[in-house]
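Worksheet for the structure shown next.
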Amino acid sequence: MSWHIQCAEDGCHARHRPDYPSHQCQKCGGLLEVRRDLNGLSGGAMRATWVERRLSNLPLDRSGVWRFRELVSFFHDAASVITLAEGRTPLLDAPGTGAWAGGVDLTVKHQGANPTGSFKDLGMTAAITRALALRVSVVACASTGNTSSSMAAYAARAGLRALVFVPAGKVAAAKLAQAIDLGAFIIELGENFDQAFELVRKASAELGLYLVNSVNPFRIEGQKTLAFELLEQRDWRAPDFIVVPGGNLGNVSAITKGLREISTLGLIQKMPRLVVIQSAGADAFCRLMTSGADELVPVAQPETEATAIRIGNPANWRKARRALIETQGLCESVSDEEIFEAKRALALEGIGCEPASAATIAGIRRLCAAGRIPPRADVVAVLTGHQLKDPDYVARHAAEIESGRRLQVEPTADALCGVVERILKASP
Ligand code: F0G
């Protein structure tokens, strides 16, 4: 399969050789993409192959990324792939949440069901597979938490050393625990993700570290397969909107790349509109899109309880802007209170997720109220991370969430009976 690396910037598109080591264009400094020629590929034939593979027990076919390997541009042989059976995540309908959000027909694609509990695993299987092909021995990332636990897992699987750079005291404890448990080195530095990212980005070239943040074009190749799996689960019926939380804006760029390819192959009849939801305290991209300015103005001190998306200077903003323009997408920002309410709405339907993921639902509600998403629209929200990623959040809001549902009694049979009777009487 022939592929190359190309600058993603309009007006540049400079080609780079496949082993080009940097993640930035040599000519203009823009971010890169992996490209393969789609000519000669039959969408219909691939569709049938992908379905057949669902019955296969080969490790490659058990992966929701590599099952679509015809479109994972740089794939060359099964033996070189580092996989933990990522993907294959559920698409759940959420009618109660859809009604709450404004009367949309809502389904959620739950990425929390991935091996390390977030969508990052889709990209990491690709990035670490590429790292091995390049014969690097150390991989690195800056992270708000999920990238670090994902990288730690796949690096361990590949026998690579993993260095994680996180803002001190700003990452959910469970995410850090995962990375530690999976053998990564943890380096705490800086006030926020942006600071850590800038430092590690500069140092990686000098120190020979292979950076696996979402500026890495191979990560995007893995992450884009979310679009394929989602559409397959819907029998290739494109939704009206796909809604994602926006942090460093890799995910929206990746999903749009996937949609573009699948549309070129004629597998969908229309492009869904991409919607990015940011936290009001970290909404540089939404401000850019609303103002129509040419350049992003970073938020110097991003602040939100949804720590996964606590990012003030998203690296992929140009790709994300192209994605929204191309798909006539939307952008909205939501407060921490709105995220809290949205998380409660999902919980009422038995769906748990981390706060950043619930931002999607809060955003849909806002956009419905403003008439920007019409009633009964067919909407897919991507829930990016597992509920247990941030139990501290639940603990912090315990009083509001429990509302008298957590009781302590004497360890006696009488006390136990008494309390159960009171509960049953109070809530028939
Ligand atoms: N949701 C969750 C749960 C995340 O962890 C992230 C990003 C996002 C949404 C935003 O995705 O960056 O592609 O726009 N987390 C990164 C990390 C930054 O380091 O784990 P994005």
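Working only within the range 143-156, note down all residues that are over 15 Å from the mean Cα position of the chain (by Cα) and buried (at least 24 other Cβ atoms within 10 Å of the Cβ). Steps first, answer last, please.
Step one: filter the range 143-156 for residues over 15 Å from the mean Cα position of the chain (by Cα), giving 152-156.
Once the filter is applied, which keeps residues that are over 15 Å from the mean Cα position of the chain (by Cα) and buried (at least 24 other Cβ atoms within 10 Å of the Cβ), the range 143-156 yields 152, 153, 154, 155.
Of the numbered conditions (1) within 16 Å of the ligand (Cβ to nearest atom); (2) in a helix (DSSP H, G or I); (3) not β-branched (Val, Ile, Thr), residue 381 satisfies every one except a single condition; which is it?
Of (1) within 16 Å of the ligand (Cβ to nearest atom); (2) in a helix (DSSP H, G or I); (3) not β-branched (Val, Ile, Thr), only one is false for residue 381: (2).
Considering each of 372, 376, 405 in turn, give the residue that is of a type outside the set (Gly, Ala, Ser), at positive phi and away from the ligand (no atom under 16 Å from the Cβ).
Working: 372 fails: at positive phi; 405 fails: at positive phi.
Result: 376 is the single residue among 372, 376, 405 that is of a type outside the set (Gly, Ala, Ser), at positive phi and away from the ligand (no atom under 16 Å from the Cβ).
What are the residues in the range 249-287 that are hydrophobic (A, V, I, L, M, F, W, C), surrounded by fewer than 20 Cβ atoms within 10 Å (Cβ to Cβ) and either at pLDDT below 95 or more than 20 Å from residue 192 (Cα to Cα) (or both), if any? Don't jump to the end; show me each part of the working.
Of the residues in the range 249-287, the ones hydrophobic (A, V, I, L, M, F, W, C) are 249, 252, 254-255, 259, 262, 265, 267-268, 271, 274-277, 280, 282, 284-286.
Checking which are surrounded by fewer than 20 Cβ atoms within 10 Å (Cβ to Cβ) leaves us with 265, 267-268, 271, 280.
Listed by number, the residues that qualify are 265, 267, 268, 271.
Would the range 245-266 turn up any residue that is outside any helix (DSSP H, G or I), closer than 24 Å to residue 366 by Cβ, in contact with a Leu (Cβ under 7 Å, 6 or more places away or on another chain) and more than 12 Å from the ligand (Cβ to nearest atom)? Full working, then the answer.
First pass over the range 245-266, keeping only residues outside any helix (DSSP H, G or I): 245-249, 265-266.
Right, trim to closer than 24 Å to residue 366 by Cβ and you get 245-249.
When the remaining residues are screened for being in contact with a Leu (Cβ under 7 Å, 6 or more places away or on another chain), the result is none.
No.
Tell me whether the range 90-104 contains one or more residues that are closer than 30 Å to residue 160 by Cβ and touching a residue at least 60 places away in the same chain (Cβ under 8 Å).
No, there is no match, as no residue in the range 90-104 is closer than 30 Å to residue 160 by Cβ and touching a residue at least 60 places away in the same chain (Cβ under 8 Å).
Of all residues in the range 73-132 being within 20 Å of residue 179 (Cβ to Cβ) and charged (D, E, K, R), which is farthest from the ligand (Cβ to nearest atom)?
Ranking the candidates gives 86 first.
Out of all the residues in the range 154-191, which are of a type in the set (Lys, Arg) and in a helix (DSSP H, G or I)?
The answer is 157, 175.
Got a sec? Which of 106, 92 is more than 15 Å from residue 222 (Cα to Cα) and surrounded by fewer than 24 Cβ atoms within 10 Å (Cβ to Cβ)?
Working: 106 fails: surrounded by fewer than 24 Cβ atoms within 10 Å (Cβ to Cβ).
One residue alone meets the criteria, 92.
Please specify each residue of the range 26-75 satisfying the condition of being surrounded by fewer than 18 Cβ atoms within 10 Å (Cβ to Cβ), touching a helix residue (DSSP H, G or I) at 6+ places or on another chain (Cβ under 9 Å) and among the polar types (S, T, N, Q).
Correct list: 49, 56.
What pairs come out if I take residues in the range 236-261 that are at negative phi and pair them with residues that are among the aromatic types (Phe, Trp, Tyr) and modelled with pLDDT of 95 or more whose C-beta lies under 7 Å away, six or more apart or interchain?
That search, which allows pairs on different chains as well, returns 246/285; 251/119; 258/228.
Show me the strands (runs of 3 or more DSSP E) found entirely inside the range 86-142 where at least 3 residues are in contact with a strand residue (DSSP E or B) (Cβ under 9 Å, 6 or more places away or on another chain) and closer than 22 Å to residue 342 by Cα. Quick ask: steps written out before the conclusion?
Details: elements: 91-93, 105-110, 138-142.
Passing ranges, in order: 91-93, 105-110.
The values are calculated or read from the model by the stated rules, or taken from the named source; none is laboratory data. Keep in mind the model is a prediction, meaning the values are calculated, not measured. Ideal geometry is used to build each Cβ from the backbone, glycine not excepted, and the neighbour counts take in all protein chains shown.
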